[in-house]
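In what follows, a structure is listed as structure tokens, so that the remarks can point back to it.
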């Protein structure tokens, strides 16, 4: 049987299409004041995102049109931890080396 994945929603308004009810997340990665905004954009699940780059004005318009919310510190930490697990594995020589050098 297939696993059911529940995606986060911001609205339970049945008049909106299902896609429009899904929560849309952003995480800015570029420094404040940069000419272009580099950011992650996720729909329904903060850990499944695409990386996008836009001029500041286009980014602000994009956020307004998509009714986005910024990822919380906890969500960003969870996404980073998952990325580390994929990059270095769990309980492997590479993960132990990474943990050792990260703690120095």
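Okay, here's what the table says:
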read-out	value
Positions within region 43-64 being in contact (Cβ under 8 Å) with a residue 24 or more places away in the chain and not in a loop (DSSP other than H, G, I, E, B), in sequence order	43, 49, 63
Any hit, region 52-62, residues being out of contact with any helix residue (DSSP H, G or I) (no Cβ under 9 Å at 6 or more places or on another chain), surrounded by 15 or more Cβ atoms within 10 Å (Cβ to Cβ) and modelled with pLDDT of 95 or more	yes
Residue match in region 9-30 (condition: at pLDDT below 95, outside the structural domain of residue 76 (by TED's automatic domain parsing), assigned to a strand (DSSP E or B) and surrounded by fewer than 15 Cβ atoms within 10 Å (Cβ to Cβ))	yes
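The values are calculated or read from the model by the stated rules, or taken from the named source; none is laboratory data. In this text the structure is predicted, and so the values were computed from the model without any measurement. Virtual Cβ from ideal backbone geometry, glycine too; neighbours counted across all protein chains shown.
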